[in-house]
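Q: Encoded as structure tokens, here's the structure I'll be asking about.
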Amino acid sequence: MRSISFVSVLRAILVALVVVGCVTMAANAQTVYNNGTGTNNGYFYSLYSSGGSATMTFSSSYAGNYAISWSGVNDVVGGKGWSTGSAQTIGYNVGSVSGENNLSIYGWLTNPLAEYYICEFGSVANGTYKGSVSSDGHSYSTYEHQQVNQPSIQGTQTFEQYLDNWGGSGTGSNHTVTTANHFNHWRSLGMTVGNFNYQILGTEAWGGRSGYVNATVW
Amino acid sequence: MRKQFILAAAMMVAGFAAAGATAQGVPAKAPDGLVFVKGGTFKNTKSNYYGKGVTVSDFYIGKYLVTEKEWAAVMGSNPSKFSGDNLPVEMVTWYDSIEYCNRRSIQEGLKPYYNIDKTTKDPNNLPDPHFGDLDKIKWAVTINPKANGYRLPTEAEWEYAAGGGQLSRSYTYSGSDDVDEVAWYWRNSGEMKLSGFWSWSIVQQNHDQPKPVGSKKPNELGLYDMSGNVREWCWDWDGDLQTNVSDPKGSPSGFRRIWRGGGWMGDAPFTEPSFRGSLAANGKGPDQGFRLCRNK
């Protein structure tokens, strides 16, 4: 049998302490660098970026708050929300936003599978124009976009994207998105609203941009 | 002498009993790579077929997903996006899978299970009411129900086997209530364990991909990867589940073929044996493969 030296034992203890330390730091982390997913103050969050850099932080004052800053990214996607969505009225306040392509209520539906955006800043217009819907004091243009053999929460699938595009929101004040109005409008157009999967207030940017968003959802 | 005979007889009986225990009551010798599945009614209380008067007959099913090595040995090429002999073959359409079954049957001297008519458009392959005619192939495929060749499982056979057959413990996933114990799916199929909500961007960034077959725990029947890794084509058209019937084979027509088991790209609930997914027969992706079956 090989003897275990004092130095080996000491080294093992040090490694274990470093590992435990890293795990503890990760568990308490309030800053996400470039990529990360998890829960914060009872909300799901996620940050993805490629190229450049991105940082996500959370305020301790508001459970649904997050801030993302990005620089020279090919692509950044981040947000905060619920693991299971609903036809709920969602409140949000965007302190500031710049360099984004869109800031939207984003989510997935199943049976049938569909991916949806209700766009508050920027634009998600794509696919076939289906009409418009008035909600929360303004008008959204509705588009439907087919995705054939594309990645989804179920794996490679053929599904629809439902896109309600406004983009005229402002910063520094509370806003509401009465999602039921959007879901009912889609139903009226034959765009089936199935079962709710996750639902978030998300921000997307791409194309080498730099920018910042500070938003709170409830 | 008499005592020795009695002892030998007792040992034989014990031996059969042991063999029976490992083969669900029937000491059947399964062909290489296949597991014998004793038929019957659905014991799994989470099954779509539980208490619905549906039975399946005895059959054999692959212990593992069809690998890239097995595919290349029969077809001479490898369509997979991710490369590795022991990885499950992916990027295969339903038609590719059917063709593989027949070619492998011929290679092994078995009677092909499928009649594939590539010159006739299948009138039972309907346009998708929402997406139109996505499937431009539409081969007319019929079956030789008594043939001993390789075939895809029916949806009912797949769910029966994934749910543990007669040995079912009614797990949420195939072989466990802990998804990470038995399934490769988006959270555990890459460089880091992911949490939060599903995002294709994140899945890509994490270099998620299929994993070597048989690298998680098997289910009650000794079958691997029935939950997760790659999704598995079944024979059936997507349609209403049949009840009070033996060996259901699905709707007579449709516009999507059933897949089961979920895969590395998708979320955990879609790896549950009871989840029914479907895709046009010419659809394919890096998470779409299959598993072989044969008649007993």
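Please treat every number below as a calculation from the coordinates, not as lab data. Predicted model, so just to flag it, every value in this text is computed and none were measured. Virtual Cβ from ideal backbone geometry, glycine too; neighbours counted across all protein chains shown.
Q: Would you order B:Ile116, A:Ile153 from fewest to most other beta-carbon atoms within 10 Å of each residue's own beta-carbon?
A: Exposure proxy ranking, most exposed first: B:Ile116, A:Ile153.
Q: While we're looking at this one, here's another question. By count of other Cβ within 10 Å, fewest leading, how are A:Asp136, B:Asp287, B:Asp208, B:Asp240 ordered?
A: Ordered by Cβ neighbours within 10 Å, fewest first: B:Asp240, A:Asp136, B:Asp208, B:Asp287.
Q: Right, next: With θ set to phi - 60°, apply the Karplus curve 6.51 cos²θ - 1.76 cosθ + 1.60 along segment A:76-89 and write out the HN-Hα couplings as whole Hz, x wherever there is a Gly or Pro.
A: 9, 9, x, x, 8, x, 10, 5, 10, x, 6, 7, 8, 8
Q: List, in order, the whole-Hz ³J(HN,Hα) value for each residue of segment B:221-229 obtained from phi through the Karplus relation with A = 6.51, B = -1.76, C = 1.60 and θ = phi - 60°; use x for Gly and Pro.
A: After applying 6.51 cos²θ - 1.76 cosθ + 1.60, I find 9, x, 9, 9, 6, 5, 9, x, 6 Hz.
Q: Hey, another quick one. Which whole-number percent gives the relative contact order of segment B:80-151, counting Cα pairs below 8 Å spaced six or more residues apart?
A: 35 percent
Q: Go through B:Lys46/B:Lys146; B:Lys43/B:Lys111; B:Lys43/B:Lys216; B:Lys43/B:Lys69; A:Lys130/B:Lys121; B:Lys111/B:Lys249 and tell me which ones have a Cα-Cα distance over 25 Å in this structure.
A: In this structure, B:Lys46/B:Lys146; B:Lys43/B:Lys111; B:Lys43/B:Lys69; A:Lys130/B:Lys121 exceed 25 Å between Cα atoms.
Q: Residue by residue through A:195-203, how many Cβ atoms from other chains fall within 10 Å of the Cβ on average?
A: 2
Q: Still on this model: Apply the Kirkwood formula to segment B:31-295: the hydrodynamic radius equals the inverse of the mean of 1/r over all pairs of different alpha-carbon atoms; give it in Å with one decimal.
A: With all distinct Cα pairs of segment B:31-295 included, I get 18.4 Å.
Q: Using the basic label-point model (7 angstrom from Cα toward the beta carbon), what is the B:Asn144 to B:Gln107 distance in nanometres?
A: Label-label distance for B:Asn144 and B:Gln107, simple model: 1.8 nm.
Q: So if I place +1 on the C-beta of Lys and Arg and -1 on the C-beta of Asp and Glu, and nothing else carries charge, what would the dipole magnitude of segment A:31-217 be about its Cα centre? I want it in debye, nearest 20.
A: In debye, rounded to 20, segment A:31-217 gives about 140.
Q: While we're looking at this one, here's another question. Under the definition of partner shielding as Cβ atoms of other protein chains within 10 Å of a residue Cβ, what is the mean value for peptide A:144-150?
A: Average neighbour count from other chains, rounded to a whole number: 3.
Q: Taking only C-alpha pairs under 8 Å that are 6+ residues apart, what is the relative contact order of chain B in percent?
A: 24 percent
Q: What is the pair-distance distribution P(r) of the protein assembly as shown, computed from all Cα-Cα distances in 20 Å bins starting at 0, with each bin given as a whole percent?
A: 20, 46, 27, 5, 1
Q: Now a separate question. Considering every residue in B:187-197, what mean count of other chain Cβ atoms within 10 Å of its Cβ is obtained?
A: For this peptide, the per-residue mean of nearby foreign Cβ atoms is 5.
Q: Let me ask something else. Within 10 Å, count the other beta carbons around each residue, average over each peptide in B:218-230, A:116-128, and list them highest first.
A: B:218-230, A:116-128
Q: I need the calculated FRET efficiency for the pair B:Lys121 and A:Ser53, taking r as the beta carbon distance and R₀ as 45 Å, to the nearest 0.05.
A: Approximately 0.25, to the nearest 0.05.
Q: Where in segment B:188-223 does the label zone of A:His145 land, with the point 7 angstrom along Cα→C-beta and an amide N cut-off under 16 Å?
A: The answer is B:200-201, whose backbone nitrogens lie closer than 16 Å to the label point.
Q: Could you go through segment A:31-45 in sequence order and give the Karplus-derived ³J(HN,Hα) for each residue, using 6.51 cos²θ - 1.76 cosθ + 1.60 with θ = phi - 60°, rounded to whole Hz, and x for Gly and Pro?
A: Calculated HN-Hα couplings, in order: 10, 10, 9, 6, 9, x, 9, x, 10, 9, 6, x, 10, 6, 9 Hz.
Q: So for segment B:157-296, what are the equivalent ellipsoid semi-axes in whole Å, largest first, each being the square root of 5 times an eigenvalue of the Cα gyration tensor?
A: 25, 19, 12
Q: May I ask what percent, to the nearest 5, of DSSP beta bridges between residues of chain B are antiparallel?
A: 85 percent
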